[in-house]
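The values are calculated or read from the model by the stated rules, or taken from the named source; none is laboratory data. Keep in mind the model is a prediction, meaning the values are calculated, not measured. All Cβ positions, even for glycine, are placed from backbone atoms using ideal geometry, and neighbour counts span all protein chains on display.
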Amino acid sequence: MSIIEEPIRRLPICGHYDVIVCGGGPAGFAAAISAARAGASTCLIEHQGFLGGIWTAGLLSFIIDALDKPGVIAEVRQRLAARGAIKETRDLYDAEEMKRLLEQMCLESGVAVRLYTRLTAAITKDRHIRQVILEAKEGRFALGARTFIDATGDGDLGALAGCGFEIGRERDGLTQPMTLMALVSGVPEQVMQSPYASAMSGSCVPKDEFYNRLARAGCSPSYTKPSLFPLPNGLCCLMVNHEYEKSGLRSEDLTAASIHAREEIFEVVDTMQRLAPEWKSVRLVSTAAHIGVREGRRLRGLYRLTLEDMQRGARFEDGVARATFPIDVHSIRKSEGGGYSSDGAVAPALPYDIPLRSLIAADVGNLAMAGRCISGDFYAHASYRVTGNAVATGEAAGAAAALASSQGIPLSDVPSCDVLNRLNLLRQRNSS
C-alpha cells in the first residue's frame, strides 16, 4: 500500500469541559444529561444532524428492555406518552418526536450539543485522554475535558485512545448481522389493529406467517423473522433485512451492506403490494439514514461481564442497571438460520446486574463507556446491547464521570456507593 505523510498542523483548542461524551445515541444522550444534571459542564459530540443514533438515524422505532427501569429512560417514555408519540404496550415510538424530545432534554439540562461533528483522534498522556480531535465544517479542532465517555457504540474513542478490545464471537471473530430499518405507509387497518401488535413481539403479523406469505409471493427476505411494528403516527416500522458477515468497522462493508439492504427493502415492499388487494396501497416512506450495527468493539473494562454472570443472575454491589433481555444472537451466517437464537448458550439468561466496573476502561484512567461498547463477552453483549440498557449504562457513566471530574480523580477511584447515591438522587429529582 502506498502512503503519504499528512502535514503537521497546529489545531486550536476550542473549549474545555468537565465531561465530553462522544456519540449522541441513546447511551450518549443519557450520559450527557446525567453528567450535566449532576453539575458537570458537559459537551455531547454527534456526527449526525440530530441526536438519537439507532433510535432516530436508524429508525429502530421501539425501545427494548426499558420496562420498570427508573431514571432517564422512564422520563423519555413518560414525555413521549404525554405527546401521544409512543405505544406503551410495546414502547413503539415516533422517531421524529424522539429527535425533538432528546434535543429538548439536553438543552434543558445545560448540555452543550455539537452536531455535524466527527471524532477523528484522541490525544493521550500518562494513560489519560487530554483532548479529542474533531472534524466539522470549520475544519479540525480540539476540545479538552477532565473525563470522557465513549458512547459511540463501536468503541471508537476507546480504540483511538489505545484501549484493548474484543470483536465478535470467540471462535471466529464474526459479528451479528447489520439491519437497515424502514418506514412504510398503507398497511391495511385490520392488520394495524391485529392482536399480535400488542403481543410480546409487537408485530402486526406473526413473523413466521409474514415470511411465508412473502416467500410464496416470490420474495424470501434475508431476515427470516420479518416484522411490521405499528407506530403511533400511523406508519409501520419494517424490519426484513440481515447483512451477513459484514463489519460495522469498515466503510466498504457499511457501503455494500447499505446498498444491498435498500434494494432488498424495495423488493419486499413491492412484494407486499401484491400479497392481497388490501395491501396494494403499501408504500415505502423512508429507509434509515444509517444502517443498524449490532456489534462493534467491546472495550476492556475493570470487569468483563460474562455468559456465566447472566446464567446465574449475577448481583453486584456496584450494579448500576438491571438487565432482563435474553441472549439475542441474530444468525451470524445465513446458513445458521437467518433469524435469531442463543448461539449455543444452552442455559438462558436470568435478570442480572451490569456493574459499574464494566463501564470503566481498564487502560485509560479517565474514560468511561456506555451502551454496547462496554466490557463483556460475546453472549453478554447479545443481551445488554439493546437500548433500554444503553440508556441505563449511559446514565450511570454520566454520574460517575461528573463525580470523577469534580474530585479530580480517576474513574476507578470513585466509590461505587457514591455513584449509586448520585443516581438515586438524580432519579428522585426527575420524578418530583
query: Residues in region 262-281: is at least one at pLDDT 95 or above, in contact with a Ser or Thr (Cβ under 7 Å, 6 or more places away or on another chain) and hydroxyl-bearing (S, T, Y)?
result: no
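Looking only at region 125-143, which residues are part of a strand (DSSP E or B) and more than 13 Å from R9 (Cβ to Cβ)?
Those that are part of a strand (DSSP E or B) and more than 13 Å from R9 (Cβ to Cβ): K125, H128, I129, R130, Q131, V132, L134, A136, L143.
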task: Just give me the residues in region 116-132 being surrounded by fewer than 18 Cβ atoms within 10 Å (Cβ to Cβ) and within 17 Å of D156 (Cβ to Cβ), in sequence order.
output: Y116, R118, T120, A121, I123
- request: Give just the number: which of (1) of a type outside the set (S, T, Y); (2) closer than 24 Å to G248 by Cβ; (3) modelled with pLDDT under 95 does A31 not satisfy?
  value: (3)
field: Of all residues in region 262-289 being over 18 Å from Y223 (Cα atoms) and part of a loop (DSSP other than H, G, I, E, B), the one that is farthest from the chain's Cα centre (by Cα)
entry: A276
- request: Look at region 1-42 and say how many of its residues are of a type outside the set (F, W, Y), outside any loop (DSSP other than H, G, I, E, B) and within 17 Å of I123 (Cα to Cα).
  value: 9
query: farther than 27 Å from S203 by Cα, at pLDDT 95 or above and not in a loop (DSSP other than H, G, I, E, B), is that true of T255?
result: yes
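Each row is one residue, and each column tells you yes or no for (1) without any contact (Cβ under 8 Å) to a residue 60 or more places away in the chain; (2) of a type in the set (D, E, K, R).
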{"residue": "L302", "(1), (2)": "no, no"}
{"residue": "E308", "(1), (2)": "yes, yes"}
{"residue": "F325", "(1), (2)": "no, no"}
{"residue": "K334", "(1), (2)": "no, yes"}
{"residue": "G337", "(1), (2)": "no, no"}
{"residue": "D353", "(1), (2)": "yes, yes"}
{"residue": "S358", "(1), (2)": "yes, no"}
field: Search result, residues across region 228-246 that are surrounded by fewer than 21 Cβ atoms within 10 Å (Cβ to Cβ) and under 23 Å from R333 (Cβ atoms)
entry: Y244, E245
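Just give me the residues in region 55-65 being in contact with a Gly (Cβ under 9 Å, 6 or more places away or on another chain) and either under 15 Å from S286 (Cβ atoms) or crowded, with 24+ Cβ neighbours inside 10 Å (or both), in sequence order.
Let us first name the residues in region 55-65 that are in contact with a Gly (Cβ under 9 Å, 6 or more places away or on another chain), namely 55-60, 62-65.
Result: W55, T56, A57, G58, L59, L60, I63, D65.
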Test result for I64, β-branched (V, I, T) and either within 16 Å of G292 (Cα to Cα) or free of Cβ contacts under 8 Å to residues at least 24 places away in the same chain (or both): yes
message: Filter region 88-119 down to the residues that are under 20 Å from the mean Cα position of the chain (by Cα) and assigned to a strand (DSSP E or B) and list them by number.
response: L92, Y93, V113, R114, R118, L119
